[in-house]
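**Student:** Pasting in a structure now, in structure tokens, and then I'll have a few things to ask.
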Amino acid sequence: MTDMHDFYSDTKTKPTMAMRESVLQAVVGDEQKDEDPTTLALCERVAALLGKEAAVFLPSGTMCNEIALRVHTRPGDEVICERSCHIIGFETGGPAAISGVMMHPIDGVNGIFDADQVVRAIRPSSRYMPETRLVCVEQTANMGGGAVWPLEKIRQVAAAAKDAGIATHMDGARLMNAVVKSGVPAKEWAEGFDSCWIDFSKGLGAPVGAVLAGSVDFIARAWRIKQQIGGSMRQSGVLTAMCLYALDHHVERLADDHRLATSIADRIAVMPGIEAVKPVETNIVIFDLSPAAPAADRLVDLLAADGVLTGAFGERRIRVVTHLDVDAAAADALCASLEKHLCGLG
Ligand SMILES: Cc1ncc(COP(=O)(O)O)c(C=O)c1O
């Protein structure tokens with residue numbers, strides 16, 4: 001697999017040598033006892049970055065979402081989110097299994113919805129209905145093609161939830177991509193949200209880790225769930241040192257990923273057999289194949305045979321993600337392979 005150009009996901013990044021070396025100097029201790037200075041430093045830094053009182057280090061973004069849902073809700077409650085979001089599609093039914101909640105999906109445009117849709121989705125007070133307890137947004141919207149929420153829109157959504165006394169959670173797996181793209185600081189994006197997290201194992205290039213932030217009370221309750229489900233660690237400084245390294249060295253360069261994704265999308269858009277390419281704002285390119293083209297999973301196999309990994313997300317939909325470990329030469333290989341398999345199609 002070492003010679004593959006891996007566009008499947010930005011989770012495929014491998015830690016650079018410099019990132020690995022940052023671990024050697026890390027001062028570590030027992031995280032469960034609040035004795036790991038490197039992990040404490042990361043949590044403080046992310047809390048400040050997101051404008052929150054406190055933060056907790058977790059092994060994955062999925063655990064951030066699932067713990068946040070558990071803290072914000074009670075069994076039988078309902079959670080509003082966009083239909084294509086990670087929480088619904090890729091967390092193995094966690095909201096039902098872990099929190100006993102119902103999801104109320106609403107249809108956005110490229111993963112983005114508006115305040116009116118939230119207002120319409122909120123349940124009236126009734127003994128027959130679930131209570132709407134939480135609204136979740138995903139910034140950037142992964143299945144929306146890495147779309148960045150407009151600031152005004154995300155503020156209106158948060159305000160509509162607040163007006164109705166409903167909690168708010170931001171899945172910020174790729175929030176730093178939105179920050180780099182928009183120039184809007186992370187704390188402004190996170191402002192109206194009771195909880196928010198960022199992932200280190202995606203575009204930021206670390207092998208493991210995400211940090212969930214919120215009020216002191218929210219994080220105290222999140223810690224209890226972390227402990228309960230076995231997410232607490234010991235000398236996690238060996239992981240968080242790499243996350244700190246990522247914050248110092250891998251944020252600004254996300255702009256390179258965005259440029260590469262745009263150039264790939266421009267090239268794909270004019271190929272035969274392509275029905276549509278979602279607008280590219282950050283590091284994700286999602287395109288749909290016309291009926292004349294091979295099915296998505298077949299084309300993914302053909303590309304893989306040429307040494308290029310991509311993902312089929314639907315019968316005719318393919319996703320390509322740029323990151324630290326793919327460059328212009330990899331993009332050329334991707335486009336050449338696509339052209340080869342699509343040539344001659346109308
Ligand atoms: C939008 C979004 N949220 C959450 C996650 C889960 O993150 P993790 O892989 O760290 O569990 C992902 C992972 O791809 C994601 O794209």
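The values are calculated or read from the model by the stated rules, or taken from the named source; none is laboratory data. Please read these numbers as outputs of a predicted model, since none were measured by experiment. Here Cβ is always computed from backbone atoms with ideal geometry, including for glycine, and neighbour counts include all displayed protein chains.
**Student:** Can you tell me which condition ALA158 does not meet? The list is (1) more than 16 Å from the ligand (Cβ to nearest atom); (2) part of a loop (DSSP other than H, G, I, E, B); (3) of a type in the set (Gly, Ala, Ser), and all the others hold.
**Tutor:** (2) is the only condition that ALA158 fails.
**Student:** Is it the case that the range 251-269 has a residue that's loosely packed, with under 14 Cβ neighbours inside 10 Å, farther than 26 Å from LYS14 by Cβ and out of contact with any helix residue (DSSP H, G or I) (no Cβ under 6 Å at 6 or more places or on another chain)?
**Tutor:** yes
Okay, residues lined up against (1) touching a strand residue (DSSP E or B) at 6+ places or on another chain (Cβ under 9 Å); (2) within 28 Å of ARG74 (Cα to Cα):
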{"residue": "GLY146", "(1), (2)": "yes, no"}
{"residue": "ALA158", "(1), (2)": "yes, yes"}
{"residue": "THR168", "(1), (2)": "yes, yes"}
{"residue": "GLY183", "(1), (2)": "no, no"}
{"residue": "GLY192", "(1), (2)": "yes, yes"}
{"residue": "VAL208", "(1), (2)": "no, no"}
{"residue": "CYS243", "(1), (2)": "yes, no"}
{"residue": "HIS249", "(1), (2)": "no, no"}
{"residue": "ALA255", "(1), (2)": "no, no"}
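**Student:** When the residues of the range 170-213 are filtered to those that are among the acidic types (Asp, Glu) and more than 11 Å from the ligand (Cβ to nearest atom), which remaining residue is surrounded by the fewest Cβ atoms within 10 Å (Cβ to Cβ)?
**Tutor:** In the first step, residues of the range 170-213 are kept if they are among the acidic types (Asp, Glu); the result is 171, 188, 191, 194, 199.
Checking which are more than 11 Å from the ligand (Cβ to nearest atom) leaves us with 188, 191, 194.
Details: GLU188: 15, GLU191: 17, ASP194: 23.
Restricting to residues being among the acidic types (Asp, Glu) and more than 11 Å from the ligand (Cβ to nearest atom), the top hit is GLU188.
**Student:** What number of residues within the range 31-65 satisfy the criterion of being under 25 Å from ILE87 (Cβ atoms) and either touching a residue at least 40 places away in the same chain (Cβ under 8 Å) or not assigned by TED's automatic domain parsing to the domain that holds GLY230 (or both)? If you could, list the steps in order and put the result at the bottom.
**Tutor:** Here is the first cut: in the range 31-65, the residues under 25 Å from ILE87 (Cβ atoms) are 42-43, 46-47, 49-65.
Filter again for either touching a residue at least 40 places away in the same chain (Cβ under 8 Å) or not assigned by TED's automatic domain parsing to the domain that holds GLY230 (or both), leaving 42-43, 46-47, 49-61, 63-65.
Going through the range 31-65 one residue at a time, the tally reaches 20.
**Student:** Whether any residue in the range 132-151 is surrounded by 18 or more Cβ atoms within 10 Å (Cβ to Cβ), in the same structural domain as ASP199 (by TED's automatic domain parsing) and either at pLDDT below 95 or more than 16 Å from the ligand (Cβ to nearest atom) (or both) is what I want to check. Can you show your working first?
**Tutor:** Just the residues of the range 132-151 that are surrounded by 18 or more Cβ atoms within 10 Å (Cβ to Cβ), to begin with: 132-149.
Keeping just the survivors that are in the same structural domain as ASP199 (by TED's automatic domain parsing) gives 132-149.
Adding the requirement that they be either at pLDDT below 95 or more than 16 Å from the ligand (Cβ to nearest atom) (or both) leaves 132-133.
Scanning the range 132-151, I find at least one residue that is surrounded by 18 or more Cβ atoms within 10 Å (Cβ to Cβ), in the same structural domain as ASP199 (by TED's automatic domain parsing) and either at pLDDT below 95 or more than 16 Å from the ligand (Cβ to nearest atom) (or both), so the answer is yes.
**Student:** Residues that are within 16 Å of the ligand (Cβ to nearest atom): find the helices (runs of 4 or more DSSP H) completely inside the range 1-113 holding 3 or more of those.
**Tutor:** On the way: elements: 17-22, 37-49, 61-72, 86-89.
Of the helices (runs of 4 or more DSSP H) lying wholly inside the range 1-113, those with at least 3 residues that are within 16 Å of the ligand (Cβ to nearest atom) span 61-72, 86-89.
**Student:** Going through the range 129-142 one residue at a time, which ones are out of contact with any helix residue (DSSP H, G or I) (no Cβ under 7 Å at 6 or more places or on another chain) and outside any strand (DSSP E or B)?
**Tutor:** The answer is MET129, PRO130, GLU131.
**Student:** Please enumerate the residues belonging to the range 143-176 that are under 18 Å from the mean Cα position of the chain (by Cα) and either of a type in the set (Asp, Glu) or over 16 Å from CYS85 (Cβ atoms) (or both).
**Tutor:** So the first thing to find is which residues in the range 143-176 are under 18 Å from the mean Cα position of the chain (by Cα), and the list is 143-151, 154, 168-176.
If the condition is that a residue be under 18 Å from the mean Cα position of the chain (by Cα) and either of a type in the set (Asp, Glu) or over 16 Å from CYS85 (Cβ atoms) (or both), then PRO150, LEU151, ASP171, MET176 are the ones that fit.
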